[in-house]
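Presented below is the structure to which this report refers.
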Amino acid sequence: MKEIFLKHNYHWYNEDFDTGIERNILDKIVKALAVPHIIAISGARRSGKSYLFRQLIKYLLNSGVHPENILQINFEDPFFISAREDVSVLDTIYSEYLSLKNPDEKIYLFFDEIQNIKNWQLWIRHSYDQKKNIKIFITGSNSELLSTELGTHLTGRILAFENFPFSYSEFFKGISDEPISNFHTAADSKTLFQNIYPYKEKMMHYIELSFKKGLFPEVLYLKNDELIKDILSQYFQNVLFRDIIPRFSIRNTRVIEQLGYYLSTNFTSMYSYRKLANTMNTNENTIKEYLSFFEKAYLFFSIDYFEYSLKKQFKRNKKIFIIDNGIRRATSFAFSEDIGKYAENMIYLQLRRATDKIYYWYEDKTFKEIDFVVKLENKLLAINVTYTDEINPRELESFAAFLKVVDSDRNILITKNTFEFRKINGKLIELIPFWVFIFLELL
């Protein structure tokens, strides 16, 4: 066990360890250090949860915490394969750590990918309830793990956070190209436009690169396109065959794998359970289950039709989005650039970092659509994504149709470069370039 401790706890012997690009979510988590709650971080495989742990550990060290008061274990390590069915391994780890380091004062436990240990939540609860001088941090690659299971066993004891691949503001921090690397988010679109406009060509270059590469930290700054696609294709396979199929005991692996590739190819599209079942030659209940598994593993996300009546909402088609454009490009059977869809998917992911209250709206008779209807606190936003400067009149007509039935607080049409304000039936429509919107604070 001592070798595992040394392998995972680099901070014991080297305080100058790599922490990567600082994540935007770090400040929120740091504020939670003041309360005794367990910190639970869920997110997609390879989205940077381990580096978020590094950043938290660095923060604690800089705050005066002794290195030996911090224990980190990553349960993805093959060392723990034989122990995954026995929760007593956590007792062994903790007791051997105390014996080895005999730490004074508060202890900080960082357990990465804790879901690999069966019944881990019982040990975590017991440790928390003992009121020992301990602060516990855990991560997992499954949203169900950090909601249903924690909610059942650790009610009132946790603060949960979600981690995604890089946002654009995080991506640009890692580019050695000032002043682009120093741009920050702001609430005023006019100020952002003025500040970014002189560099918009460079900005668009990086944005359109991200449409191909996606924003997963490991591949974002690589230049070999085939290597990037191979890595991201392997991510996709790992989520299927390591996170979903074993966890949910899926026997018909062919159907769920084919469904994953089909959804990747048809991302940003509307779907119905019936049509997907017919396409996959299976039944609707199986499709519903598999879609829920995809979402729990942070691979695909579905959004509902915006309707005040839940009964009517449930009868409508849903829209599908994918965790990363790079994964989509590596796994789809599409041959066109699909740049408009890549832009729409990126905007969905930006919105999803802020809230899961995201819907779409569609008028059957006229085929007019609002890509996203977003509830942010007590505000309702309507957003369309066009990624062109040749604004099709239907884009504005869609807002006009939507505003007849819904009184939204803000209406935004995301363009490629066009920045202007128009009014439709007395309601303001903001035309905002993609490269401005990605830095825009909506609240």
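The values are calculated or read from the model by the stated rules, or taken from the named source; none is laboratory data. On a predicted model such as this, the values are computed, not experimentally measured, just so you know. Cβ placement follows ideal geometry from the backbone for every residue including glycine, while neighbour counts extend to all protein chains displayed.
Looking only at residues in segment 334-347 that are of a type in the set (D, E, K, R) and under 16 Å from Pro433 (Cα atoms), which one is surrounded by the most Cβ atoms within 10 Å (Cβ to Cβ)?
Selected residue: Glu344.
Could you pull out the residue among Asp364, Asp324, Asp304, Asp356 that is closer than 13 Å to Met270 by Cα, assigned by TED's automatic domain parsing to the domain that holds Ile383 and under 19 Å from the mean Cα position of the chain (by Cα)?
Just a single option satisfies the conditions, and that option is Asp304.
Please return the ranges of helices (runs of 4 or more DSSP H) entirely within segment 86-181 where 2 or more residues are closer than 17 Å to Gly48 by Cβ.
168-173
So which residues in segment 277-316 are in contact with a helix residue (DSSP H, G or I) (Cβ under 6 Å, 6 or more places away or on another chain) and more than 29 Å from Asn163 (Cα to Cα)?
Ala277, Met280, Thr282, Asn283, Glu284
Might you let me know whether segment 252-270 holds any residue that is at pLDDT 95 or above, among the charged types (D, E, K, R), more than 20 Å from the chain's Cα centre (by Cα) and within 28 Å of Ser210 (Cβ to Cβ)?
Scanning segment 252-270, I find at least one residue that is at pLDDT 95 or above, among the charged types (D, E, K, R), more than 20 Å from the chain's Cα centre (by Cα) and within 28 Å of Ser210 (Cβ to Cβ), so the answer is yes.
Tally the residues that are assigned to a loop (DSSP other than H, G, I, E, B) and touching a residue at least 60 places away in the same chain (Cβ under 8 Å), restricting the search to segment 10-26.
Going through segment 10-26 one residue at a time, the tally reaches 6.
On the given criteria, is Phe294 part of a helix (DSSP H, G or I), under 23 Å from the mean Cα position of the chain (by Cα) and in the same structural domain as Glu363 (by TED's automatic domain parsing)?
So Phe294 fits the description; yes.
Exactly one of (1) at positive phi; (2) in contact with a Leu (Cβ under 9 Å, 6 or more places away or on another chain) is unmet by Ile158. Its number?
For Ile158, the exception is condition (1).
Considering only segment 59-74, I want to know if a residue exists there that is β-branched (Val, Ile, Thr) and either in a loop (DSSP other than H, G, I, E, B) or on the phi > 0 side of the Ramachandran plot (or both).
yes
Could you please give the count of residues in segment 245-281 that are polar (S, T, N, Q), closer than 18 Å to Lys315 by Cα and either crowded, with 16+ Cβ neighbours inside 10 Å or touching a Ser or Thr at 6+ places or on another chain (Cβ under 8 Å) (or both)?
Looking only at that region, the number is 0.
Under 7 Å by Cβ, and 6 or more places apart or on different chains, what pairs join a residue from segment 416-429 that is under 15 Å from Ile196 (Cα atoms) with one that is among the hydroxyl-bearing types (Ser, Thr, Tyr)?
Lys416/Tyr387; Lys416/Thr388
Name the residue that is modelled with the lowest pLDDT, counting only residues in segment 12-33 that are farther than 25 Å from Leu220 by Cβ and more than 25 Å from the chain's Cα centre (by Cα).
Only one residue tops the list, namely Glu15.
Given segment 348-426, what strands (runs of 3 or more DSSP E) lie entirely inside it while holding 3 or more residues that are crowded, with 16+ Cβ neighbours inside 10 Å?
358-363, 368-376, 379-385, 410-415
Can you name every residue in segment 219-237 that is part of a helix (DSSP H, G or I) and surrounded by 15 or more Cβ atoms within 10 Å (Cβ to Cβ)?
Those that are part of a helix (DSSP H, G or I) and surrounded by 15 or more Cβ atoms within 10 Å (Cβ to Cβ): Ile228, Lys229, Ile231, Leu232, Ser233, Tyr235, Phe236.
Considering only segment 407-436, state which residues are at pLDDT 95 or above and of a type in the set (A, V, I, L, M, F, W, C).
Matches in segment 407-436: Ile412, Leu413, Ile414, Phe419, Phe421, Leu428, Ile429, Leu431, Ile432, Phe434, Trp435, Val436.
I'd like to know if segment 389-403 contains one or more residues that are touching a residue at least 40 places away in the same chain (Cβ under 8 Å), in the same structural domain as Gln313 (by TED's automatic domain parsing) and within 24 Å of the chain's Cα centre (by Cα).
No, there is no match, as no residue in segment 389-403 is touching a residue at least 40 places away in the same chain (Cβ under 8 Å), in the same structural domain as Gln313 (by TED's automatic domain parsing) and within 24 Å of the chain's Cα centre (by Cα).
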